[in-house]
Amino acid sequence: MRRKPKPSSVLLLPALFLTQVLFAQGKRKAEPYAVIAGTVFRDPGFAQPGASVVLVLKSAPTKKLQRQISSPRGEFTFRVPASPNRYVITATLKGFQTAREEIEIQDQEQINATLLLVPESKKER
């Protein structure tokens, strides 16, 4: 004896198909990007977690593009458009001088940055 499909399963198939079609239409081609990754260290060379790391365009230094807090291993990562540009990365933490590094992106690439925070008590006079 042959079983009839339940009405709920008959309605489920078109709903799944429609969901897949809508999902596929919502997907866009991924834009190419570059990665700026790095580590924040403190003098005398230990990884520094909890530092505020800010990324700005060199041509627009007052506009923050991205901000992160360095990981427990002092690491950070920024994803930026894969087009020629110059960026400035700064790391700040209370009790330390601000660390700064300039990065130049040309295309789809990964650039590594190292930022060294020096205690304020060691300011140059």
Could you compute the net charge surrounding Leu116? Neighbours are other residues with a C-beta less than 11 Å from the C-beta of Leu116; K and R count +1, D and E count -1. 0
Dipole magnitude of region 33-122 about its Cα centre (Cβ charges: Lys, Arg +1; Asp, Glu -1), debye to nearest 20: 360 debye
Give me Thr62, Thr77 ranked fewest to most by other Cβ atoms within 10 Å of their Cβ, as a rough exposure proxy. Thr62, Thr77
What whole-number distance in Å separates the alpha-carbon centres of region 39-57 and region 75-125? 8 Å
For region 33-122, list log₁₀ I(q)/I(0) at each q in 0.15, 0.20 Å⁻¹, using the Debye formula over Cα point scatterers of equal strength and ignoring solvent, two decimals each. -0.51, -0.87
Surrounding net charge for Phe76, when Lys and Arg each add one and Asp and Glu each subtract one, Cβ distance under 12 Å: +1
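FYI, it's all coordinate maths here, none of it is from the lab. From a predicted model like this one, the values you see are computed outputs, not experimental measurements. Cβ atoms come from the backbone with ideal geometry, glycine included; neighbour counts cover every protein chain shown.
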